[in-house]
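Structure record follows, encoded as structure tokens.
The values are calculated or read from the model by the stated rules, or taken from the named source; none is laboratory data. Please read these numbers as outputs of a predicted model, since none were measured by experiment. Cβ placement follows ideal geometry from the backbone for every residue including glycine, while neighbour counts extend to all protein chains displayed.
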Amino acid sequence: MKIGCPKEIKPQEYRVGLTPYAVRDAVTAGHEVLIEAGAGDGAGFADADYTAQGAQIVDTAAELFADAEMIVKVKEPQAGERAMLREGQLLFTYLHLAPDPAQTDDLLASGATCIAYETVTAPGGGLPLLAPMSEVAGRLAPQMGAWALQKANGGRGVLMGGVPGVGPAKVLVLGGGVVGTHAARIAGGMGADVTVLDRSLPRLRYLDDVFSGSFRNRYSTAGALAELLCEADMVIGAVLIPGAAAPKLISRAMLADMKPGSVLVDVAIDQGGCFETSKATTHDDPVYEVDGIRHYCVANMPGAVPRTSTIALGNATLPFVLALAGKGWRQACKDDPHLAEGLNVHAGKLTNLAVGAALGRDAVTPASVL
């Protein structure tokens, strides 16, 4: 199969869909790999690194999209990229369709088959292609929030770990999954006073067993959230419903109960955000203020550390890339029902029920098109 990897064009996105090592494995398996010139520059991979492993460098995205049978990316295709997709072509990338009707319409109109990293599941549960970036985003969230808390950046002027005689920042993490756990670990490591809210008692027991002493956890209720929100210097939104829009856990009215200059970090912004006042921002202009509360809502947080992120993502996606290229998407999905869960669009049909419900569109199950 001809596998194409274009350069990412979303603002401040420096990751790339394939590493040179992934190219080597694909070429060894008998596939042809096309890399757009400069695609890996932001992650520290030169064109020569790719050609050394057997890739062909093409000059433009248009040439790559016209020739490749499968497109492997990182971020959702932008409007110009969606216009280049064609019937029968396979797209394998993050899509996050639930809050994005325009992208959904374009993908349906293209006739392409689109498999989303974020809805591929694992035999033991979880989202194996979302997890690496959730780990990165979770670890970045306290770091970015700490920056936003600095007075020069519009925040309260609170140091995460405090100093002798002065208490640390209070950090509230909403959600004890992959993002929330990593966020709590890093915030706790910075010396902050951290509490995690979650509604899964088994998950809370796990966090208590593994991380007891590093941070606290509480069962999430409206009362617990209201109590902790008043005290928080930083709130990290780390909730996820696979494929669906993120629930709005903090309303605009609730901002009035927060300390002026405190910070909301919305890691769920790719799925529409878990704060009512969230709107996607970029690394170039990451923070805005609503009612005296600072909001950090960068939609591609892992893009800030593209080399780490690219390698971590590539480690997770490579087996699926090889399966899709070697067997074709249909057989690969028949053989692996967890990969089939990633099928979001096929031949003009929406094939993810959660996405359909979020967008108010008709949808079918992946199994119905296999």
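Restricting to segment 190-203, what's the tally of residues that are part of a helix (DSSP H, G or I), in contact (Cβ under 8 Å) with a residue 12 or more places away in the chain and more than 18 Å from residue 237 (Cβ to Cβ)? Counting residues in segment 190-203 that are part of a helix (DSSP H, G or I), in contact (Cβ under 8 Å) with a residue 12 or more places away in the chain and more than 18 Å from residue 237 (Cβ to Cβ) gives 1. Considering every residue within segment 211-230, establish whether at least one is surrounded by fewer than 21 Cβ atoms within 10 Å (Cβ to Cβ), of a type in the set (S, T, N, Q) and modelled with pLDDT under 95. Looking for residues that are surrounded by fewer than 21 Cβ atoms within 10 Å (Cβ to Cβ), of a type in the set (S, T, N, Q) and modelled with pLDDT under 95, one finds at least one in segment 211-230, hence yes. Pairing residues of segment 233-246 that are at positive phi with residues that are β-branched (Val, Ile, Thr), at Cβ distances under 6 Å and at least 6 apart in sequence or on separate chains, gives 243/119; 243/355. Scanning segment 8-40 for residues that are farther than 19 Å from residue 315 by Cα and surrounded by fewer than 21 Cβ atoms within 10 Å (Cβ to Cβ) turns up 9, 10, 11, 12, 30, 32, 37, 38. For segment 138-152, indicate whether the set of residues that are at pLDDT 95 or above and closer than 30 Å to residue 336 by Cβ is non-empty. The answer is yes; a qualifying residue exists. Flag set for residue 120, criterion: of a type in the set (A, V, I, L, M, F, W, C) and touching a Gly at 6+ places or on another chain (Cβ under 6 Å). When 260, 242 are checked against the criterion of being surrounded by fewer than 20 Cβ atoms within 10 Å (Cβ to Cβ), under 23 Å from the mean Cα position of the chain (by Cα) and in a loop (DSSP other than H, G, I, E, B), a single residue qualifies: 242. Can you report the number of residues in segment 19-75 which are in contact with a strand residue (DSSP E or B) (Cβ under 7 Å, 6 or more places away or on another chain) and without any contact (Cβ under 8 Å) to a residue 24 or more places away in the chain? Final tally of qualifying residues: 3. Scanning segment 113-150 for residues that are among the polar types (S, T, N, Q), in contact with a helix residue (DSSP H, G or I) (Cβ under 6 Å, 6 or more places away or on another chain) and in a loop (DSSP other than H, G, I, E, B) returns a single hit, 121. Among the residues making up segment 79-104, those that are more than 15 Å from residue 345 (Cα to Cα) and either aliphatic (A, V, I, L, M) or out of contact with any helix residue (DSSP H, G or I) (no Cβ under 9 Å at 6 or more places or on another chain) (or both) are 79, 83, 84. Of all residues in segment 105-120, exactly one satisfies the criterion of being within 17 Å of residue 360 (Cβ to Cβ) and either crowded, with 23+ Cβ neighbours inside 10 Å or in contact with a Lys or Arg (Cβ under 6 Å, 6 or more places away or on another chain) (or both), namely 107.
Residues that are modelled with pLDDT of 95 or more and closer than 24 Å to residue 98 by Cα number at least 3 in the following strands (runs of 3 or more DSSP E) confined to segment 283-370: 343-346.
A search for C-beta distances below 8 Å between a residue of segment 211-224 that is in contact (Cβ under 8 Å) with a residue 12 or more places away in the chain and any residue that is among the polar types (S, T, N, Q) and crowded, with 17+ Cβ neighbours inside 10 Å, counting only pairs 6+ apart in sequence or on different chains, returns 211/181; 215/195; 216/195; 217/195; 218/195.
Condition test on residue 101, is it more than 19 Å from the chain's Cα centre (by Cα), surrounded by fewer than 20 Cβ atoms within 10 Å (Cβ to Cβ) and closer than 30 Å to residue 363 by Cβ? Write out each step before concluding.
Numbers: more than 19 Å from the chain's Cα centre (by Cα): no; surrounded by fewer than 20 Cβ atoms within 10 Å (Cβ to Cβ): yes; closer than 30 Å to residue 363 by Cβ: yes.
Spelling it out, it is not the case that residue 101 is more than 19 Å from the chain's Cα centre (by Cα), surrounded by fewer than 20 Cβ atoms within 10 Å (Cβ to Cβ) and closer than 30 Å to residue 363 by Cβ.
Once segment 151-164 is narrowed to residues that are part of a loop (DSSP other than H, G, I, E, B) and exposed (fewer than 15 other Cβ atoms within 10 Å of the Cβ), the residue that is farthest from the chain's Cα centre (by Cα) is 164.
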